[in-house]
Amino acid sequence: MTYSCIACGYRSAKWMGFCPQCRASEGLVQISDKPSRPLRTSPGPIPLAKAGGATVARVAVGMGEIDRVLGGGFVPGAVVLLGGEPGVGKSTLALQVAGALAAGGSKVLIATAEESAEQVGLRAERLEIDGNEIFLLAEADIDDILGAADQLRPDLLIIDSIQTVIAAEVGTAPGSVTQVRECAARVMRYAKDSGTAAILVGHVTKDGGIAGPKTLEHMVDVVLYLEGESESGLRGLRSLKNRFGATHLMGFFEMAHEGLREVADPSAAFLADWRGAVPGTLAFPTVEGRRPVLVEVQALAAPTTVPQPRRSVRGVEPSRVHQMLAILDRHAGLSFADQEVYVNVVGGLRLTEPATDLPVALALASSRLDRPLGPLAAWGEVGLTGELRAVAHETRRVEEAARLGIPTSVAPHKGTRLGIREALDLALPGWQEQLEPRR
Ligand code: TYD
Ligand code: MG
């Protein structure tokens, strides 16, 4: 028997009245070590040269954007975590994947612990999915779900969601770290034993999510996140981890009445409402995988008299924005001490590249000085001494900006030794004359 903490998932071989890891005072709960099915017998050591063999077999879904992100399709026995905020479209995407696979002759089992079979059925009708090879199970007990899968032998098992299924012996509520991990571990075991691929749908809250799918990322084979703002129709599907292919690939969709539609030209979609010639906005050609995508980066600086002005950031790391504010202050004399600051990436995409620094800094300066940047693209990392650092994929970025009709870009080349002041000279000529003398 093993004992586990409800709050943090800490495991121990003996019972304790409190958790030594997170100090929760509830005491540890008992969980079963018994595998849900007998493990496959190990083949023993094999020569490394024989281990790779043929390339991994994959079952293509038949939806280009999904197959691209998965690296060509589903690998039998692979477990895929599909995360995203509630309402972003995970259930819709999972159902469409089921529909596409079924259309190609695969059998799919959807275990729906969150919605009723009727609700899923209605959605399938609306999406015009032929349900003949798709089976529904409205069930929350993970052993019952895996039992049903064992009988049906589907090619793909979808569990929607991993936070609402339960392993009965684990005496904690659905969605707790212990439950989520235990249920996922049983699905992993089942998938590896049977060769069935699985999708675990997981909800993530805006702040990253507690007790959520984050704790599963190291266990599963593939981690996909669906992101985008519920209001705007655009969605990005990002691969954060893939044991069978490249990561940081992105697929783009649009939420339409008939479900998620693949977007052939995401740059054009992201820039659809762009007004290039107003202060505080510019285009940033980000590269996801090897694919350049132009997104709009916005900033707003507004005067305020409160002692600790508000900083509100969406789509980039808040710490990077704070760093850009400090760099603009220290190296360019642009102070935001009496300004509220808002930074936003239009369309709900999350930018993690260091190349996001310069567009954020320029958007901030443009709003602070109330001067438009014109239709401009920018990219580059900004260091603490105000130096600009070149980033990869320069040609791809230039070409993507040009393709979308943005002729001018500000970006550091390797070895040019430019600083943030020179970038401001190029983007906002004469900016220094606008500075108020320091008190
Ligand atoms: P859903 O897949 O239920 O999101 P999640 O499983 O991530 O919580 O769908 C989210 C939203 O998408 C829902 O509010 C309605 C909308 N939607 C459409 O706009 N068109 C459609 O065809 C479908 C099925 C849903
Ligand atoms: Mg859902």
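Read the figures in this text as sums done on the coordinates, not as results from a lab. Keep in mind that what you see is a predicted model, and the values were worked out from it rather than measured. Ideal geometry is used to build each Cβ from the backbone, glycine not excepted, and the neighbour counts take in all protein chains shown.
Size of the dipole of the stretch 134-190 about the Cα centre, Lys and Arg at +1 and Asp and Glu at -1 on the beta carbon, nothing else charged, in debye to 20? Please list the in-between numbers first.
Working: 4 positive and 9 negative charges, 40 e Å.
It comes to approximately 200 debye.
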Local charge sum around E399 (other residues, Cβ-Cβ under 13 Å, Lys/Arg +1, Asp/Glu -1)? +3
Take the alpha carbon gyration tensor of the stretch 377-435, find the square roots of its eigenvalues, order them as a ≥ b ≥ c, and report rounded if a/c is under 1.5; if not, report prolate when a/b exceeds b/c, else oblate. oblate
Under a Cβ-Cβ limit of 4.7 Å, which cysteines in the chain have nobody to pair with? C183
Can you work out ³J(HN,Hα) from phi for every residue in the stretch 338-347, in order, using Karplus 6.51 cos²θ - 1.76 cosθ + 1.60 and θ = phi - 60°, giving whole Hz and x for Gly and Pro? 10, 10, 6, 10, 10, 10, 9, 9, 5, x
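What ranking of I145, I46 emerges when the number of other C-beta atoms within 10 Å of each C-beta is taken as an exposure proxy, fewest first?
I46, I145
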Mean shadow area of the stretch 60-264, taken as a quarter of the surface of its Cα convex hull (nm²): 10.3 nm²
Theoretical gain in end-to-end length, E217 to F18 [0.36 nm per residue, Cα-Cα removed]: 69.0 nm
State the volume of the convex hull built on the alpha-carbon positions of the stretch 292-390, expressed per residue in Å³ and rounded to an integer. 97 Å³
For the chain, what is the charge dipole size about the Cα centre, in debye to the nearest 20, if Lys and Arg each add +1 at the Cβ and Asp and Glu each add -1 at the Cβ? 1460 debye
For the chain, what is the calculated [θ] at 222 nm in deg cm²/dmol (nearest 500), taking -39500 (n - 2.57) for each run of four or more DSSP H residues and dividing by its residue count? -7500 deg cm²/dmol
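Mind running the shape call on the stretch 111-172? Use the C-alpha gyration tensor, a ≥ b ≥ c as the square roots of the eigenvalues: rounded below 1.5 for a/c, prolate if a/b tops b/c, oblate otherwise. Walk me through the numbers before you get to the answer.
Values: a/c = 3.03, a/b = 1.56, b/c = 1.94.
Oblate, because a/c is 1.5 or more while a/b does not exceed b/c.
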Roughly how big is the stretch 60-264's charge dipole about its Cα centre, with Cβ charges of +1 (Lys, Arg) and -1 (Asp, Glu), in debye to the nearest 20? 680 debye
For D144 paired with E262, estimate the spin-label separation in nm (one decimal), with each label point 7 Å from Cα along the Cα-to-Cβ line. 3.8 nm
Considering the Cα positions of the stretch 80-155, please state its Rg to one decimal place and its Dmax as a whole number of Å. 12.1, 33
Please work out, to two decimal places, the log10 of the ratio I(q)/I(0) at q = 0.06, 0.07 Å⁻¹ from a Debye calculation in which every Cα of the chain carries one identical scatterer. -0.32, -0.43
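Where a ≥ b ≥ c are the square roots of the eigenvalues of the C-alpha gyration tensor, would you call the stretch 269-438 rounded, which needs a/c under 1.5, or, failing that, prolate if a/b is larger than b/c, or oblate? Spell out each step's value before the answer.
Numbers: a/c = 1.57, a/b = 1.35, b/c = 1.16.
Cα axes put the stretch 269-438 in the prolate bin.
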Here FRET efficiency (C-beta to C-beta, A103 to A173, R₀ 45 Å, nearest 0.05) is 0.75
Stretched out fully, how many nm does the piece from I46 to L426 gain, at 0.36 nm a residue minus the Cα gap? 130.7 nm
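May I ask you to sort L249, L224 by Cβ crowding, counting other Cβ atoms within 10 Å and putting the fewest first? Walk me through the numbers on the way to the answer.
Details: L249 21, L224 24.
Exposure proxy ranking, most exposed first: L249, L224.
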Please count, across the chain, the pairs of lysine residues with Cα atoms under 23 Å apart that sit 8 or more places apart or on different chains. 13
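Could you sort 92-103, 410-421, 379-390 so that the peptide with the highest average Cβ count within 10 Å comes first and the rest follow in order? Intermediate values should be presented prior to the final figure.
Numbers: 92-103: 22.5, 410-421: 16.2, 379-390: 18.7.
My ranking of the peptides, most packed first, is 92-103, 379-390, 410-421.
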Please report the net charge: other residues with Cβ closer than 14 Å to the Cβ of T385, K and R +1, D and E -1. -1
Report the one residue of Y10, S161, V69 whose Cα lies farthest in the direction of the positive end of the charge dipole of the chain (charges on C-beta: Lys and Arg +1, Asp and Glu -1; origin at the Cα centre). Y10
